[in-house]
Amino acid sequence: QGVEVQTDYVPLLNSLAMYGWQLTCVLSTPIVKTNREGNLSTKQIVFLQRPSLPQKAKKKESKVNNL
């Protein structure tokens with residue numbers, strides 16, 4: 001009661017999405033810090049993945065076929 005959770009991953013995700021990264025999982029850690037105003041903050045581990053790019057595989061195949 002009286003607890004408000006604030007997270008904002010949108011700027012991080014938007015900046016990484018341009019390069020094909022996607023958020024897969026967020027894990028909370030037991031690390032808790034208190035600031036001067038009494039607010040608590042926790043550290044979290046963010047897992048991202050990027051799908052393989054089929055275009056690079058096609059380029060390698062074409063080089064092999066040309067030999």
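Worth a mention:
- Measuring with a 1.4 angstrom probe and ignoring ligands and nucleic acids, LEU40 comes out at about 130 Å² accessible.
- Surface analysis of the range 9-49 yields an accessible area of 85 Å² per residue, using protein heavy atoms and a 1.4 Å probe.
- Accessible surface of the range 9-49 [probe 1.4 Å, protein heavy atoms]: carbon and sulfur percent: 59 percent
The values are calculated or read from the model by the stated rules, or taken from the named source; none is laboratory data. Since the structure is predicted, the reported quantities are computational estimates derived from the model, not experimental observations. All accessible areas refer to the heavy atoms of the entire protein, side chains included, with ligands and DNA or RNA removed. Shrake-Rupley method; radii C 1.70, N 1.55, O 1.52, S 1.80 Å.
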